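The values are calculated or read from the model by the stated rules, or taken from the named source; none is laboratory data. This structure is a prediction, so every number in the text was calculated from the model and none was measured. Methodologically, a virtual Cβ is constructed for each residue, glycine included, from the backbone with ideal geometry; neighbour enumeration extends over all protein chains shown. The accessibility values were calculated without ligands, DNA or RNA, using every heavy atom of the protein model including side chains. Shrake-Rupley method; radii C 1.70, N 1.55, O 1.52, S 1.80 Å.
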Amino acid sequence: MDTESTYSGYSYHSGRSRGSHRHGERSRDRHKSRSKDSRSEKSVTIHPAPADPLLGDVTVQTEQVQDDNWGETTTAVTGTSEHSLSQEDIVRITKDLEDSVGLDCRRYFTLILAAILGLLVFFSPLAFMVLPHLLWPEKLQSCGTACEGLFISVAFKLLILLLAVWALFFRPPRASLPRLFVFRALLAVLVLLFVVSYWLFYGVRILDSQDENYQGIVQYAVSLVDALLFIHYLAIVLLELRQLQPYYSVCVTRSTDGETRHYNLGQLSIQRAALAILEHYYCDFAIHNPALLSASKSRTAKHLAGLKVYNVDGDFPAAPAEGPENNAATGLAHSQSRAMIAAAAHCRDSSHNELYYEEAEHERRVRKRRARLVVAVEEAFTHIKHMKEEEQKKAPGDVMDPREAAQAIFPSMARALQKYLRTTKQQHCHSMESIQQHLAFCISNNMSPKAFLESYLKPGPTLQYSRNHWLARQWTLVSEASVTSGLRDGTVFVLKCADFSLVMTVKKIPYIRMSEEYIDPKSHKFVLRLQSETSV
């Protein structure tokens, strides 16, 4: 007797199951080849700023998951969870640790090189003037008034150079980029070559010959300081001024919900453009809410679950070529399958009505929860106002702290706020502690109920929420072109994180032609002639 294997509404004979097994093996082979090809794709990683820890502070690390039912009893319910690690997870964690150690080593190595180069640049002019006094003081000519004036010039120029370098280069890092900054590395090599060439000329023409003209030696040191000031001006042009004028318009689209923003950028490399876009992302984009996406996916799965697919390919037991009874049975089975498919298609066509009424019901519930929340918050703030009026009559030592006042009125609004956050799928973004802190902040600054509710009635940018929503996020930059190359018209690159990705499309700002049209002022003048005679 022929056996059958059934999966998701499809019915197959055993012969077909062997064919599907071979087809599955071929699909797995293709998947492996695609995974190997995907490894050749250029991808680099952008880490958070090294000044901040990757996992936040200790309080964030030890914070346990809070139950969503904090509004029922207005108490924080904590629990423990069990996690299992596979061998792949251990390998991935080891790789992340190795990458972080490599980034720290590279960062410290860069800082050490920058410090050595800075000390060499700053002390070279001073060494040029001090070495003759240490090596051949008896042969030097006396330094006159002009020479002493050059001392003052060197001192003030070195002070200006020190302040300028501190303002331009000694700034806290915003991020750890995957590749070197080309212009900064070019300037460092230029300064190194420049100082080494000055030292070579000084060693050959001054140290070997033991030059007696000390005023000429001081002028040589002054020329070095002047050249370093001009190099610093070049650094300002390349690092700061060159990118100010916008040349490209970048369209940024979030892959999950399709939220889109447009930004104008100057002549930047791909990695620095990605960094600028991430800085705008944390301030302009609304926080990513995967709960809303999971709700839409569950709704789609529910509609698809109501559809049944039947096999009409004629996979029935083999019938003789001749025989009216067998032909009639086969025709009846075909007609029944077509009728069921037509019913399923009709159900699919009517699914938009179900979606419409479901969204209308959800909007009605949101408006209802919002109205209850607004009323509860206004009553709580009215109670706070009465409490303040009563406290003014009390002694100064009996005044209630804003934190205590927030804890006193929070139970009256907690249930309405919790139901609203659950309805709008925002309960994971706000904890009971953060809500009480925000309430205490509003009370201490004498804010209105509307100002308190603004943070919960509509989603805000990512930085508005707690640090654990954005601090530990690691971004991976994927680009076909080199990340150190400049932006081009039509360039596409992707910033990926664990939950979603940002797709960037670069378009060049078009060349604008403007023409002038001259309007003669006399062309606006006209003469109004009135006739004295009128028709009767």
Query raised in the report: When Asp99 is evaluated against the numbered criteria (1) open to solvent by 70 Å² or more (accessible area, probe 1.4 Å); (2) at pLDDT below 80, which criterion, by number, is the only one it fails?
Result: (1)
Requested in this report: Give the residue that is modelled with the lowest pLDDT, with candidates limited to residues of the range 128-150 that are part of a helix (DSSP H, G or I) and surrounded by 14 or more Cβ atoms within 10 Å (Cβ to Cβ).
Outcome: Cys147
**Report entry** Evaluation of Trp475 against (1) open to solvent by 80 Å² or more (accessible area, probe 1.4 Å); (2) in contact with a strand residue (DSSP E or B) (Cβ under 9 Å, 6 or more places away or on another chain) (one fails), failing number
**Finding:** (1)
Report task. Please state which of the following conditions Leu120 fails to meet, knowing it meets all the rest: (1) without any contact (Cβ under 8 Å) to a residue 60 or more places away in the chain; (2) of a type in the set (A, V, I, L, M, F, W, C); (3) surrounded by 15 or more Cβ atoms within 10 Å (Cβ to Cβ). Result -> (1)
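Given the criterion closer than 30 Å to Gln474 by Cβ and out of contact with any helix residue (DSSP H, G or I) (no Cβ under 6 Å at 6 or more places or on another chain), identify the matching residue among Phe169, Phe194, Phe183. Talk me through it step by step, then tell me what you get.
On the way: Phe194 fails: closer than 30 Å to Gln474 by Cβ; Phe183 fails: out of contact with any helix residue (DSSP H, G or I) (no Cβ under 6 Å at 6 or more places or on another chain).
None of the other options fit; the residue is Phe169.
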Report task. Just give me the residues in the range 223-254 being hydrophobic (A, V, I, L, M, F, W, C), open to solvent by 60 Å² or more (accessible area, probe 1.4 Å) and under 15 Å from Ala273 (Cβ atoms), in sequence order. Result -> Leu244
Query raised in the report: With respect to the numbered conditions (1) without any contact (Cβ under 8 Å) to a residue 60 or more places away in the chain; (2) surrounded by 13 or more Cβ atoms within 10 Å (Cβ to Cβ), which one is the sole condition not fulfilled by Leu192?
Result: (1)
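Yes or no, residue by residue, for (1) closer than 11 Å to Ala380 by Cβ; (2) open to solvent by less than 70 Å² (accessible area, probe 1.4 Å):
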{"site": "Ile409", "(1), (2)": "yes, yes"}
{"site": "Gln418", "(1), (2)": "no, yes"}
{"site": "Thr424", "(1), (2)": "no, yes"}
{"site": "Cys429", "(1), (2)": "no, yes"}
{"site": "Ile443", "(1), (2)": "yes, yes"}
{"site": "Glu454", "(1), (2)": "no, no"}
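Could you tell me whether the range 464-471 includes any residue that is modelled with pLDDT of 90 or more and either assigned to a helix (DSSP H, G or I) or open to solvent by less than 50 Å² (accessible area, probe 1.4 Å) (or both)? Write out each step before concluding.
Just the residues of the range 464-471 that are modelled with pLDDT of 90 or more, to begin with: none.
Scanning the range 464-471, I find no residue that is modelled with pLDDT of 90 or more and either assigned to a helix (DSSP H, G or I) or open to solvent by less than 50 Å² (accessible area, probe 1.4 Å) (or both), so the answer is no.
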Query raised in the report: Are any residues in the range 489-525 over 19 Å from the mean Cα position of the chain (by Cα) and of a type in the set (A, V, I, L, M), and if so, which ones?
Result: Ile509, Ile512, Met514, Ile519
